[in-house]
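What follows is a single structure, written as structure tokens, with notes after it.
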Amino acid sequence: MYEMQLNILLADDDIDDCIFFKGALEKFHISTTLTSVHDGEQLMKRLEEETELPHVLFLDLNMPRKNGFECLAEIKAINRLKHLPVIMYSTSYEQEMVNLLHKNGAQHFIRKPSEFSLFKELIQQTLTGLVEGMSKPNLSDTEGIDSRADRENFVLTVRSGILSNNNPITS
């Protein structure tokens with residue numbers, strides 16, 4: 001097993017979703033530190049002030065003050081932040097929106113399932129995949145975790161308890 005402390009930043013204005021996210025990490029087999037912010041302005045301020053960036057950012061698409069699209073665009077435009085892996089998520093799914101998120105540099109898109117057990121499984125499997133990417137030989141932490149998904153593997157969903165990429169992006 002790859003021994004590390006995974007630092008996760010969660011940007012979500014829904015307190016219940018933050019609690020669910022934290023619950024998904026509780027039985028995760030890797031040590032994690034979760035920091036939450038509740039709007040896009042808090043997120044950008046935190047990223048600008050932090051000396052050490054998180055390993056990954058989970059960014060809700062619909063937030064007050066500054067939405068996920070706006071934050072993603074800012075993150076990818078700032079040299080110091082542009083390699084930060086950003087996993088976008090939302091309860092809604094619109095193909096055009098997903099295409100735009102991929103084009104603008106998000107690593108993955110997660111459509112939040114309504115059932116907590118599926119949400120937990122999806123978060124754990126997503127993080128496991130990221131950590132496995134980091135543990136590949138000859139890769140630094142950021143090279144492994146920052147490898148962006150190709151178009152066919154961009155959207156992550158859980159179907160019957162298995163992480164799948166059944167929602168390809170179309171041109």
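Annotation: amide H-H contacts under 5 Å for MET4 (H modelled 1.01 Å from N, sequence separation of 5 or more, or interchain): SER31.
Residues whose amide H comes within less than 5 Å of that of TYR89, counting only those at least five positions distant or on another chain, are LEU59, ASP60, LEU61, ILE110 (H built at 1.01 Å from N in the peptide plane). For a straight C-alpha distance cut-off of 17 angstrom, the lysines reachable from LYS45 (same-chain residues fewer than eight places away being disregarded) are LYS66, LYS76, LYS82. Counting only lysines at least 8 places from LYS27 when in the same chain, those with an alpha carbon closer than 18 Å to its own are LYS120.
No lab work stands behind these numbers, since they all come straight from the coordinates. As the structure is a computational prediction, the values presented were derived from the model and not from experiment.
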